[in-house]
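Participant: Before we start, here is the structure in question, set down as structure tokens.
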């Protein structure tokens, strides 16, 4: 239930009907703001609950264009729109109705205008609330409940999407797998509650260590994945070292006295051995296994051999 007055943006070039409108709607339920031109209206649209569009003396083409801009077809929250038209403007009324707006003809009946404006705003409020709920459900569906980074399913979807995009546009794509070292010892010695807290703090450290365009996901247990679009292997190594250092410097746990380290495996596309997203994941996992086998708290690459050779001389 809305407790504050709705804010209506009144679009009336002549403002000849404004005094009657103020008497009809009253200041208790509606706060009125004025606008004259299309660009002015579109600049204010996010600040109001609804738009009352008077089409009496305005250019019909401009009114149609403004109506279309105010009622986009995509399913997203938008301000409620009520169009007030002359009796002969049937085409505009039908357009308004077909695009989900309310319509009323002049001279209007005061009670009818109040009802149409109120109904339009109530529908707008319910739609906005529903959209927020859907967005929250969407966020929860792709988020790991414990660590609040992305979950395994969403990571797999993005991995496939980014791999296809990298193939299509001949761009680099890198992947880092991060596995906490000896994490079972933390659970055994301090309990799973402390272990969960450490995982949350490590996830936050990973988020802090990567760029906004990178994706951090909980891959499973104490393992995380970092997907790096448009990033070649040298750039991925820079991110991986920042991640490894951030984890090793973390003072985790309820008393901020637990130190953890991580082993990391890094792989990058394009590479002759990587022809699918599954192979990118497999090669990063193989590099992670080597990091574990070689002593932990380190970064290993795929392939393990040097990646670049000295280019042949062009002299002579």
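The values are calculated or read from the model by the stated rules, or taken from the named source; none is laboratory data. Note that the structure is predicted; figures quoted are calculated from it, not measured. Cβ atoms come from the backbone with ideal geometry, glycine included; neighbour counts cover every protein chain shown.
Participant: Whether any residue in segment 196-215 is surrounded by fewer than 23 Cβ atoms within 10 Å (Cβ to Cβ), in contact (Cβ under 8 Å) with a residue 40 or more places away in the chain, in contact with a strand residue (DSSP E or B) (Cβ under 6 Å, 6 or more places away or on another chain) and more than 17 Å from residue 149 (Cα to Cα) is what I want to check.
Facilitator: No, every residue in segment 196-215 fails to be surrounded by fewer than 23 Cβ atoms within 10 Å (Cβ to Cβ), in contact (Cβ under 8 Å) with a residue 40 or more places away in the chain, in contact with a strand residue (DSSP E or B) (Cβ under 6 Å, 6 or more places away or on another chain) and more than 17 Å from residue 149 (Cα to Cα).
Participant: Which residue out of 242, 165, 158, 153 is in a helix (DSSP H, G or I), in contact with a helix residue (DSSP H, G or I) (Cβ under 6 Å, 6 or more places away or on another chain), under 24 Å from residue 280 (Cα atoms) and modelled with pLDDT of 95 or more?
Facilitator: Details: 165 fails: in contact with a helix residue (DSSP H, G or I) (Cβ under 6 Å, 6 or more places away or on another chain); 158 fails: in contact with a helix residue (DSSP H, G or I) (Cβ under 6 Å, 6 or more places away or on another chain); 153 fails: in contact with a helix residue (DSSP H, G or I) (Cβ under 6 Å, 6 or more places away or on another chain).
Result: 242 is the single residue among 242, 165, 158, 153 that is in a helix (DSSP H, G or I), in contact with a helix residue (DSSP H, G or I) (Cβ under 6 Å, 6 or more places away or on another chain), under 24 Å from residue 280 (Cα atoms) and modelled with pLDDT of 95 or more.
Participant: Out of segment 98-127, which residues are part of a helix (DSSP H, G or I) and either on the phi > 0 side of the Ramachandran plot or free of Cβ contacts under 8 Å to residues at least 24 places away in the same chain (or both)?
Facilitator: 98, 111, 112, 115, 119, 122, 126
Participant: Here is a follow-up. In the list 157, 161, which residue meets the criterion of being in the same structural domain as residue 291 (by TED's automatic domain parsing), farther than 23 Å from residue 221 by Cα and surrounded by fewer than 16 Cβ atoms within 10 Å (Cβ to Cβ)? Steps first, answer last, please.
Facilitator: Values: 157 fails: farther than 23 Å from residue 221 by Cα.
Testing whether each residue is in the same structural domain as residue 291 (by TED's automatic domain parsing), farther than 23 Å from residue 221 by Cα and surrounded by fewer than 16 Cβ atoms within 10 Å (Cβ to Cβ) leaves just 161.
Participant: When the residues of segment 1-15 are narrowed to those that are in contact with a helix residue (DSSP H, G or I) (Cβ under 9 Å, 6 or more places away or on another chain) and at pLDDT 70 or above, which ends up farthest from residue 67 (Cα to Cα)?
Facilitator: The qualifying residue farthest from residue 67 (Cα to Cα) is 6.
Participant: Sticking with this structure for a sec: So, residue 56, is that one in the same structural domain as residue 122 (by TED's automatic domain parsing) and either in contact with a helix residue (DSSP H, G or I) (Cβ under 9 Å, 6 or more places away or on another chain) or at pLDDT 85 or above (or both) or not? Outline the logic, then answer.
Facilitator: Numbers: in the same structural domain as residue 122 (by TED's automatic domain parsing): yes; either in contact with a helix residue (DSSP H, G or I) (Cβ under 9 Å, 6 or more places away or on another chain) or at pLDDT 85 or above (or both): no.
No.
Participant: With respect to residue 308, determine if the residue is at pLDDT 95 or above and either touching a helix residue (DSSP H, G or I) at 6+ places or on another chain (Cβ under 8 Å) or not assigned by TED's automatic domain parsing to the domain that holds residue 186 (or both).
Facilitator: So residue 308 does not fit the description; no.
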